[in-house]
Amino acid sequence: MNQRIEMIDTTFRDGQQSPLLFDTLKYRFTLEEKKLLLAGLIELGITHFEFFSPVVGKAEEDDVRALIAHAKTLTDKPLLLLGHCRCHAVDIERALEAGCNGLNLYLGVSALAQQHNAQKSLEEAITLASDAAKNVRLQLPDLYMRFSAEDAFRTNRQDLWLLYDAMYPFVNTFGIPDTVGLAEPHDVTEVVGILRQKYPNVALECHFHNDRGLAFANVLAAVRAGVKYVDTSIWGLAERSGIPSVTGALFNLSKSYPELHNQYNLSQCYPINVLMASILNTLVPYTEPVSLTNRTHTAGVHQKAVLNEKKVYEAHNLHDFGVDKNQLLLGPLSGWNLIYYYLKEVENYAITREQAKSITEAFKNQTHQIGRGRKPEDLLIQLVETYNIPKNELPSGVEETRLENLD
Ligand code: HCA
């Protein structure tokens with residue numbers, strides 16, 4: 001199958017539902033921060049964005065309007081600016097008034113949703129959703145419209161098809177949200193296969209929550225089975241454990257779909273992760289594939305091998321995704337190879353291999369001292385100072401210009 005894959009960014013919708021905004025005492029991004037993130041995403045090549053409907057509140061309404069206006073100043077590319085709306089006229093009207101040029105409608109008809117969430121019977125839900133979509137279509141025949149049955153993977157299949165049958169005449173795209181993150185890749189392949197057969201005239205979108213840590217695997221399965229639109233956010237921020245990060249999704253998908261290297265400006269992946277880190281004032285998550293953590297080595301065996309040939313423990317080309325250095329961290333697990341390298345290349349000691357081995361033995365006997373109050377470097381320097389090893393004189397200017405990464 002040969003169709004263009006598109007990332008839909010939902011940082012400004014599901015991303016703002018992330019508990020991490022509360023854990024970091026951020027609560028909500030300021031408009032200035034949103035503008036920076038939007039610029040970063042546009043620089044990366046994202047053209048599809050999902051926003052809250054303004055019914056969420058005044059602050060969001062103001063921001064959605066401002067972001068839509070700002071986005072248009074940042075690129076000449078056509079943008080799809082989607083309002084995330086319940087199947088309620090007011091959500092839809094307010095999203096369109098705010099400047100959205102597409103709608104992401106959603107409604108759940110799982111047994112749980114019928115009883116406890118939307119609290120509508122299947123028949124009532126079908127009428128509500130199809131009336132809403134039909135009204136939009138009558139007034140705006142060309143408007144992009146997506147419909148998603150919330151919690152699709154826990155919804156009775158016959159109910160799901162009845163709902164989608166009713167929506168099929170009106171929409172451009174069907175989404176299949178795994179709202180509580182229970183799908184496995186084989187479930188995704190199966191559901192996408194059925195949808196493609198039953199509804200050949202619409203595109204498909206996926207929205208996978210990461211409750212089981214399977215979101216990336218599910219994205220790969222979905223795209224392989226024919227899904228066009230992939231919902232992502234910066235860092236994968238979203239409700240609970242989140243959704244796939246945009247950078248991780250692009251990194252994974254680009255292995256099988258190399259055309260993504262032309263469609264997106266992939267070298268902007270790491271910078272956008274760092275931008276989010278500076279806004280949330282915390283580190284890029286260690287589970288993020290496009291991170292410096294993924295280029296950091298701590299065990300002696302790994303450090304020795306990476307000093308010789310980094311491919312031994314680095315299988316992926318993160319350079320294309322903007323991670324342009326790696327790190328070997330001196331610590332309790334380091335061996336003499338790194339200690340020799342560190343003392344010679346970083347601290348400029350005129351040290352021999354034999355001296356480095358001896359210092360390493362002493363260091364290894366005292367690593368219990370390393371901790372919050374005592375850095376490994378301090379312990380090592382204290383030890384090396386007992387050896388009376390002279391330092392190399394470096395030509396002037398070298399200190400300022402050299403880089404201590406190993407690229
Ligand atoms: C939500 C639920 C949602 C919607 C997904 C979608 C989900 O927070 O409203 O509209 O595509 O996971 O079902 O995020």
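The values are calculated or read from the model by the stated rules, or taken from the named source; none is laboratory data. Just so it is clear, the structure is predicted and the values come from calculations on it, not from any experiment. Here Cβ is always computed from backbone atoms with ideal geometry, including for glycine, and neighbour counts include all displayed protein chains. All accessible areas refer to the heavy atoms of the entire protein, side chains included, with ligands and DNA or RNA removed. Shrake-Rupley method; radii C 1.70, N 1.55, O 1.52, S 1.80 Å.
Observations
- For the chain, the longest piece that avoids every one of the chymotrypsin sites (Phe, Trp or Tyr not before Pro) found in DSSP loops with at most 15 other C-beta atoms within 10 Å covers 28-285.
- Percent of Cα-Cα distances greater than 19 Å, calculated over segment 336-401: 33
- Among the GluC sites (Glu not before Pro) found in segment 1-57, not one is both in a DSSP coil and sparsely packed, with 16 or fewer other Cβ atoms within 10 Å of its Cβ.
- For segment 336-401, accessible area per residue (1.4 Å probe, heavy atoms of protein chains only), Å²: 64
- Probe 1.4 Å, accessible area per residue of segment 6-280, Å²: 39
- Fraction of the pair-distance distribution of the chain above 29 Å, Cα-Cα pairs, percent: 52
- Sequence-distant contacts, meaning Cα pairs under 8 Å at least 6 residues apart, place the relative contact order of segment 107-213 at 27 percent.
- Cβ-defined net charge surrounding LEU80, 11 Å radius [Lys, Arg +1; Asp, Glu -1]: -1
- Degrees, to the nearest 10: 246-256 long Cα axis against longest axis of the chain: 90
- Share of carbon and sulfur in the accessible heavy-atom surface of segment 1-128 [1.4 Å probe, %]: 53
- Cleavage-rule hits (trypsin sites (Lys or Arg not before Pro)) in segment 325-382: DSSP loop, at most 10 neighbouring Cβ within 10 angstrom: ARG372
- Rounded to the nearest 10 degrees, the inclination of helix 353-365 to the longest alpha-carbon principal axis of the chain is 70 degrees.
- Residues of type lysines that LYS58 reaches as a straight line, Cα spacing below 23 Å, ignoring anything fewer than 8 places off in the same chain: LYS26, LYS34, LYS35, LYS72
- Of all accessible heavy-atom area on segment 142-262, the percent that carbon and sulfur account for (1.4 Å): 46
- Relative to one another, the C-alpha centroids of segment 88-164 and segment 207-245 are positioned 21 Å apart.
- DSSP assigns beta bridges within the chain; of those with both partners inside it, close to 5 percent run antiparallel.
- Distance between segment 275-329 and segment 1-23 - C-alpha centres, whole angstrom: 24
- Neighbour net charge for GLN369 - beta-carbon separation under 12 angstrom, K R +1, D E -1: +3
- Carbon + sulfur, % of accessible area of segment 336-401 - ligands and nucleic acids excluded, 1.4 Å: 46
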